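One structure below.
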Amino acid sequence: MKRVFVLPDRRKMFFRQFPKELEKLGLQSLPIVAIISVFIGFIMTMQTKLNTSNPLLPVYTTGLVTRDTLLLEFSSTILCLILAGKVGSNIASEIGTMRITEQIDALEIMGVNSANYLILPKIVAFVVMMPFLVIFSMGLGLVGGYFVGVLTSILTTGDYLVGIQYAFVPFYVFYSLMKSMIFAFIISSVAAYYGYYSYGGALDVGKASTNAVVNGSILILFFNILITKIMLN
Amino acid sequence: MIEVKNVDKSFDGNQVLKNVSAVFETGKTNMIIGQSGSGKTVLMKSIIGLHRIDKGRIEYDGRNLPDMKMNEIRLLRREVGMLFQGSALFDSLSVLENVMYPLEMFSPTSAEEMKERAIFCLRRVNLEEKAFGLAPSEISGGMQKRVAIARAIALQPKYLFCDEPNSGLDPKTSLIIDQLIHEITHEFEITTIINSHDMNSVMEIGENIIFIEKGVKAWQGNKDDIFHVDNQALNDFVFASELYKQVRKVNQ
Ligand SMILES: Nc1ncnc2c1ncn2[C@@H]1O[C@H](COP(=O)(O)OP(=O)(O)O)[C@@H](O)[C@H]1O
Ligand SMILES: [Mg+2]
């Protein structure tokens, strides 16, 4: 593993791979992030309103709850769990396939530090892209909530807009971005590990990719508690 | 010359190589033969340092690989070419780019010279010009093997390793690939090591033969002796096919 985190011996090679990974791991995740965020924002707002129909609660409650849930957990933790599935399995199966077809051995024979060459651009690219995905998700989640006001009579858009601006804590955004970058690191490095050390055939690549997703997700949940304890206490 | 001395290698307690010693001679097609699962690939990858051995020496003309640091191993790899069992061409690169890859990694020459060298190697393995721009997945298995050979010899290696060069090929193509490796070995005075479980290859190009059985070197010799050895496992291997049973009958 130590061999992953050394300076690339050929900077040219790193910068040849890096933009490709930004695109594959970051940009190509935008559609799924967008769809999930809008729908979850919508349903969360609807549920919150329907389940807190106490007239004593102030009008801003729904917007506030939606916003803070998005900021604190959904757009970081839950989004990362979803991306652990998409990106984690992608990384593990790509590297795993290269392992079992001996392309990694071929790189090594040509004097390439394969761990560094294959893994580092992926980790860096995903960690760099993650904050953008999170902010994108927060924005679209709030837009999703707004549509509850537009499309239904459960809630007025006015109340919602007041709610999402009420008692806004900018630190929550920072906390969420920090957290998500750590999760991005976990997802990509765990997946790379399982891919890189797979052995056998196509079936074993499948197993590596399942292991990457399951163990990546568990680690995210565990670190979520740890980070929250450190940062919000 | 490559000398392997008392090499042990195990994976999680499963000992695959047991005290293997052997000598591989310069300018010859040295062959490692044995059944599937006997440890040929592990032995080959241990010799190159793709697997770290538990014990023993691997001397490349006197230089002991297990003693080397990572950067020294990399320098040695400059002198090594390898043909993998499944060709191991890079999917995302074209045929020509695959052959240029090791040149880009190692050689300080200009892009133009690299391209020239790559084209020379591809021509040397008799690949048609029109295949140069194709992806590995667009050409046949035999052609992929040729490209892999071209890539392996691109840097004019002193040591060439071939893991089952004719697995998955029809008998005629196998023969052509075997002969190509044999020619290149003699033409460039390379120390070539070939893994094989194919008796036809052994008879065709085997010059110094090492028989591995369950991770133990059970015999070393040349192809004239191979029919007259008093070793049950080797006999079972050699006379597995009807053809060689007939050969034995005729000889007796
Ligand atoms: N990377 C590895 N991890 C664990 N076991 C391995 C590994 N590579 C090979 N083996 C085991 O070593 C034994 C010999 O395999 P191999 O050298 O590939 O045989 P062959 O003679 O067919 O090339 C097999 O039992 C295989 O399961
Ligand atoms: Mg093998």
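The values are calculated or read from the model by the stated rules, or taken from the named source; none is laboratory data. All figures in this text were calculated on a predicted structure; none of them were measured in a lab. Ideal geometry is used to build each Cβ from the backbone, glycine not excepted, and the neighbour counts take in all protein chains shown. Protein only, heavy atoms only, side chains kept; ligands, DNA and RNA dropped before computing areas. Shrake-Rupley method; radii C 1.70, N 1.55, O 1.52, S 1.80 Å.
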Item to check | Relative contact order (%) - chain A, alpha-carbon pairs under 8 angstrom, separation at least six | outcome: 35
Checklist entry - Considering amide H positions built from the backbone, and no H for Pro or chain starts, which residues 5 or more places from A:ILE154, or on another chain, come under 5 Å of its amide H? => result none
Checklist entry - Nearest 0.05, what FRET efficiency do A:LYS20 and B:ASN251 give at R0 = 41 Å with Cβ-Cβ as r? => result 0.10
Checklist outcome for this item: Sorted by chain and number, the residues with a modelled amide H under 5 Å from that of B:PHE161, at a separation of 5 or more or across chains, are B:GLY81, B:MET82, B:LEU83, B:ILE193
Next on the checklist: Only four residue types carry charge here, +1 at the Cβ of Lys and Arg and -1 at the Cβ of Asp and Glu. Report the dipole size of segment B:73-135 about the Cα centre in Debye, rounded to the nearest 20.
Outcome noted: 240
Checklist entry - Assigning unit charges at the beta carbon (Lys, Arg +1; Asp, Glu -1) and nothing else, what dipole magnitude in debye, to the nearest 20, does segment A:1-126 show about its Cα centre? => result 260
Item to check | Karplus (6.51, -1.76, 1.60) ³J(HN,Hα), θ = phi - 60°, over segment B:213-218, in Hz, Gly and Pro reported as x | outcome: 10, 6, x, 10, 6, 9
Next on the checklist: Using a 1.4 angstrom probe on the protein heavy atoms only, could you order B:MET1, B:MET44, B:MET100 from most to least accessible area?
Outcome noted: B:MET1, B:MET100, B:MET44
Item to check | Accessible area (Å², per residue) of segment A:54-117, counting only protein heavy atoms and a probe of 1.4 Å | outcome: 29
Checklist outcome for this item: Per the charge dipole of the protein assembly as shown (beta-carbon charges, Lys/Arg positive, Asp/Glu negative, Cα centre), the residue among A:ILE123, B:SER167, B:LEU103 reaching farthest to the positive end is A:ILE123
Next on the checklist: Could you tell me which residue out of A:PRO58, A:LEU79, A:ASN233 lies farthest along the dipole of chain A toward its positive end? Charges go on the beta carbon: Lys and Arg +1, Asp and Glu -1, centred on the Cα centre.
Outcome noted: A:ASN233
Checklist outcome for this item: The answer for the net charge of residues other than A:TYR194 whose Cβ lies under 12 angstrom from its Cβ, with Lys and Arg +1 and Asp and Glu -1, is 0
Item to check | Residues along segment B:33-54 losing 20 Å² or more of accessible surface when the other protein chains are present rather than the chain by itself (probe 1.4 Å) | outcome: B:LYS45, B:LEU50
Checklist entry - What 222 nm value per residue comes from the helices of chain A, counting each DSSP H run with n ≥ 4 as -39,500 (n - 2.57) and dividing by all residues, nearest 500 deg cm²/dmol? => result -24500 deg cm²/dmol
Item to check | Karplus 3J(HN,Hα) series, Hz, for segment B:230-237 with 6.51 cos²θ - 1.76 cosθ + 1.60 (x for Gly, Pro) | outcome: 8, 9, 4, 4, 5, 4, 4, 5
Checklist entry - Taking N as the number of residues in segment B:88-156, what value does Rg over Cα atoms divided by 2.2 N^0.38 Å take? => result 0.98
Checklist entry - In segment B:76-91, which residues become less accessible by 40 Å² or more once every protein chain is in place, relative to the chain on its own, using a 1.4 Å probe? => result B:ARG77, B:PHE84, B:ALA88, B:PHE90
Checklist outcome for this item: Between the modelled labels at B:LYS223 and A:VAL6 (7 Å from Cα along Cα→Cβ) the distance in nm is 4.2
Checklist outcome for this item: In segment B:88-156 the accessible area split gives carbon plus sulfur, as whole percent at 1.4 Å, a share of 52
Item to check | Neighbourhood net charge (12 Å Cβ-Cβ; Lys/Arg +1, Asp/Glu -1) for B:LYS55 | outcome: +3
Item to check | Buried area at the B-A interface (accessible, heavy atoms, 1.4 Å probe, summed, Å²) | outcome: 1800
Checklist entry - Which listed residue (B:LEU122, B:SER92, B:SER21) has the Cα farthest towards the positive end of the charge dipole for segment B:11-124, taking +1 on Lys and Arg C-beta and -1 on Asp and Glu C-beta about the Cα centre? => result B:SER21
Next on the checklist: No solvent, one uniform scatterer per C-alpha: report log10 I(q)/I(0) for the protein assembly as shown via the Debye equation at q = 0.10 1/Å, two decimals.
Outcome noted: -0.82
Item to check | Cα gyration tensor category, rounded, prolate or oblate, for segment B:45-176 with a/c compared to 1.5 | outcome: oblate
Checklist entry - What residues of segment B:105-121 lose no less than 20 Å² of accessible area with every protein chain in place versus their chain by itself (probe 1.4 Å, heavy atoms only)? => result B:MET105, B:PHE106
Next on the checklist: Explain nothing, just the number: dipole magnitude of the protein assembly as shown about its Cα centre with +1 on each Lys and Arg Cβ and -1 on each Asp and Glu Cβ, in debye rounded to the nearest 20.
Outcome noted: 1200
Checklist outcome for this item: In Å², rounded to a whole number, the accessible area per residue of segment B:88-156 with probe 1.4 Å is 44
Item to check | FRET efficiency estimate (nearest 0.05) - Cβ-Cβ, B:ARG52 to A:TYR199, R0 22 angstrom | outcome: 0.90
Next on the checklist: Considering only protein heavy atoms and a probe of 1.4 Å, how much of the accessible area of segment A:11-232 is carbon and sulfur, as a whole percent?
Outcome noted: 73
Checklist entry - Under a Cβ-Cβ cut-off of 14 Å, what is the net charge of the residues other than A:LYS122 that fall near it, where Lys and Arg count +1 and Asp and Glu count -1? => result +1
Next on the checklist: Quick check on chain B: take the gyration tensor over C-alpha atoms, sort the square-rooted eigenvalues as a ≥ b ≥ c, and tell me if it's rounded (a/c under 1.5), prolate or oblate.
Outcome noted: oblate
Checklist entry - Classify chain A: rounded, prolate or oblate, from the alpha-carbon gyration tensor (a ≥ b ≥ c, eigenvalue square roots; a/c under 1.5 rounded; otherwise prolate if a/b is larger than b/c)? => result prolate
Checklist entry - Which links in A:LYS207/B:LYS5; B:LYS145/B:LYS217; B:LYS5/B:LYS245; B:LYS115/B:LYS158 stretch past 26 Å when you go from one Cα to the other? => result A:LYS207/B:LYS5; B:LYS145/B:LYS217; B:LYS5/B:LYS245
Item to check | Label-reachable residues, segment A:10-37, where backbone N falls under 17 Å from a point 7 Å from B:ALA111's Cα toward its Cβ | outcome: A:11-17
Checklist outcome for this item: With Cα coordinates, the longest principal axis of chain A makes an angle with the long axis of helix A:170-196, in degrees rounded to 10, of 30
Item to check | Dimensionless Rg ratio for segment B:42-91, taking C-alpha atoms and the 2.2 N^0.38 Å reference | outcome: 1.22
